[in-house]
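Readers should treat all values here as calculations from the given coordinates under stated rules, not as data from a laboratory. The structure displayed is predicted, hence computed values, not measured ones. Don't worry about glycine lacking a Cβ; one is built from the backbone with ideal geometry, like all the others, and counts go over all protein chains shown.
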Amino acid sequence: MTTQVRTLGDKDFFSWLGLFEGYSEFYKSELTDEKALQVWSWIIDRNHVLTGAVAVNDEGDFIGFAHYREVPNTLGASRGLYLDDLFVVPDSRRSGVGRALIEFAKDYAKENRLSTMAWITASDNEEAQHLYDDVATRTDWVTYEIEL
C-alpha cells in the first residue's frame, strides 16, 4: 500500500468530513454541522491561517489528515508551525500514515522558512505518542486552558 499526502482542496469536503467525524469521536467532542462547516471554511480560505493536508490510499480513500497553521514565536522573533490536528483512521494506523502527514507538514514549514513545529496530544493517547517520541522531542511544557 502506498500513501499520497497532498494539500486539502475545495472538492474534498465530504471525504474530509468523514475523517473529521472520526477525529471528533476519538476525542469525544460533539461535532455539529455548524462546527464542521466553520472548520472547513477556515481550511479552504486562503486568507485564514489554518490549512490542511490529507493522506490518500491506493484506492483513493482518505485515510488521514493534518491541520496546521503558522504562529509567531515571540522569544525567537520568528514564525513556527502549530499542528492542531492529526488523525489516521484506525485501519491505517501503524502503517506510516501519521509519519507521512507529519513529514508533509514539516516540509511545508521548511518551505515557508518556519523555525519550529509543535503540537500537543492527550496524555492518554499513548499510541500516537510512540510516533511523536520517534519524530520529535517531548518538551517539559504544561498546557493550561480556560473555557470562555
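Data table
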read-out: Likely footprinting exposure, Lys106, Lys28, Lys11, Lys35, fewest C-beta neighbours within 10 Å first; value: Lys28, Lys11, Lys35, Lys106
read-out: Proximal aspartates and glutamates to Lys28, defined as alpha-carbon separation beneath 18 angstrom and excluding residues fewer than eight positions away on the same chain; value: Asp84, Asp85, Asp124, Glu126, Glu127, Glu145, Glu147
read-out: Exposure proxy order (Cβ contacts within 10 Å, fewest to most) of Asp58, Asp140; value: Asp140, Asp58
read-out: From phi via Karplus (6.51, -1.76, 1.60), per-residue ³J(HN,Hα) for segment 42-54 in Hz, x at Gly/Pro; value: 5, 4, 8, 7, 5, 8, 9, 6, 6, 9, x, 10, 10
read-out: Choice from Ala105, Ala122, Ala36 showing the highest fluctuation, given a GNM over the chain with Cα pairs closer than 10 Å; value: Ala122
read-out: Cβ-based exposure ranking for Phe104, Phe26, in which fewest neighbours within 10 Å come first; value: Phe26, Phe104
read-out: Most mobile listed residue (Asp84, Asp107, Asp133) in the chain, GNM with C-alpha springs under 10 Å; value: Asp133
read-out: Gaussian network model of the chain, springs between alpha carbon atoms under 10 Å - residue of Gly22, Gly98, Gly76 with greatest fluctuation; value: Gly76
read-out: Of Ala105, Val56, Leu75, farthest towards positive along the dipole that unit charges on Lys, Arg, Asp, Glu beta carbons give segment 4-135; value: Leu75
read-out: 222 nm mean residue ellipticity, helices alone, for the chain (DSSP H n ≥ 4; -39,500 (n - 2.57); rounded to 500); value: -11000 deg cm²/dmol
read-out: Over 23 Å [Cα-Cα, the chain], rounded percent; value: 36 percent
read-out: Spatial separation of Cα centroids for segment 44-70 and segment 80-148, in angstrom; value: 14 Å
